[in-house]
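Structure record follows, encoded as C-alpha cells.
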C-alpha cells in the first residue's frame, strides 16, 4: 500500500511541469521589464578591423586599400587642454557600451557610450583611393589618417515619423591626407566643438552632429535616401595646407555651424 502511495505521489510530481507548461506564455520585452525592473540589451565591445581592399564597382571601380579601423594607441591627444585625457592606449576600439531598448510606443533607442568615464579613442587609416578603368587609373586620395575621441551617440528610430535620428559627439585630434592628382596635402587638421578654440576644456572639445535619415521623394518624385543635417557645430583648424609638397600656410574655421541642410541620394 505504501508502495502504491509513493508511486501515485511520484506520478503527480512528474506531471506538474507538464501542467505548468500548458499555462506558459512568452513575455515581450516590456512585460519582462515590469517583472524584473529591466528592459533592453547592453553590449560591451572591443574590436579592430583590417580590410585589404574595399571596392565599389559601377562601370569602373573605386578601390580603397589597406583599411584600418581601431584604437588610436595614444594617450596624448588635445594637448592644449593642459592634461592627458584618461585613456588605455591600445590599437583596439574599446571602452564601448551599447544600450539597446524598444520603448512602449515602439521606438527603438540605441545609445553608444564609454564603458568607463574616459572618452573612446579611435583611429581610421587607409592607403590609396584609386579610380580604375579598363585602361587607366587615378589615385584620388592616399595616406588618410584620422585619430580622435568619441563621446556619445544616440540613434532613435521613430515609429511615428519613420525617421532615424542620429545625435553624436566626437572630436578629431589629427587628420592627415594626400590628394595626389591635385598635388594637395592636408596636415594636422583638428576638429572640435564650437567655442573650443577660445576656451579649451573637456566639455567643448566635442563637435556636435545631429541628423535624420529616412525615405523621401527626390525632385522627380521618386523614392530616395534622405539625409537632413539638423545641426553640425564645430571649430576646425588645419595646421598645414601643402601644394606641390610645400606648405602655403594654415586655415582656421571658428564657430562653424551647418544647419537645415537636406540631401537626397538615389541611383541613376
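Things to note:
- Rounded if a/c under 1.5, otherwise prolate or oblate - segment 177-268, Cα gyration tensor axes: oblate
- Per residue, the average separation of C-alpha pairs within less than 8 Å and at least 6 apart gives the chain a relative contact order of 12 percent.
- Which label in [x] 123; [y] 112; [z] 255 gives the computed volume of the Cα convex hull per residue in Å³: [z]
- Listed residues 182, 77, 153, most fluctuating in the chain (Gaussian network, C-alpha, under 10 Å): 182
- According to the calculation over all Cα-Cα pairs in segment 113-268, the P(r) per 5 Å bin from zero is 2, 8, 12, 14, 15, 17, 15, 10, 5, 1, 0 %.
- Structure remark: mean-square fluctuation, Gaussian network model of the chain, C-alpha springs under 10 Å; the largest value among 84, 128, 171 belongs to 84.
- Computed lengthening from residue 97 to residue 79, 0.36 nm per intervening residue step minus Cα-Cα distance: 3.9 nm
- Two-site FRET efficiency, residue 251 against residue 198, from Cβ-Cβ distance with R₀ of 22 Å, rounded to 0.05: 0.80
- Helix-derived mean residue ellipticity, 222 nm - over the chain, DSSP H n ≥ 4, -39500 (n - 2.57), to 500: -3500 deg cm²/dmol
- Cα-based shape type of segment 141-215, given that a ≥ b ≥ c are square roots of the gyration tensor eigenvalues and the cut on a/c is 1.5: oblate
- Label zone at residue 67, where the point sits 7 Å out along the Cα-to-Cβ direction: segment 104-133 residues whose backbone N lies under 20 Å: 122-133
- Three-way shape label, segment 102-168, alpha-carbon gyration tensor, a/c 1.5: oblate
- Simple spin-label estimate for residue 145 and residue 222 in nanometres, 7 Å along Cα-Cβ: 4.3 nm
- With neighbours defined as other Cβ atoms within 10 Å of a residue's Cβ, the residues 120, 258 order from fewest to most as 258, 120.
Read-outs throughout are calculated quantities, based only on the coordinates presented, and are distinct from any laboratory measurement. Please read these numbers as outputs of a predicted model, since none were measured by experiment. Cβ: placed from backbone, ideal geometry, glycine included. Neighbour counts: every protein chain shown.
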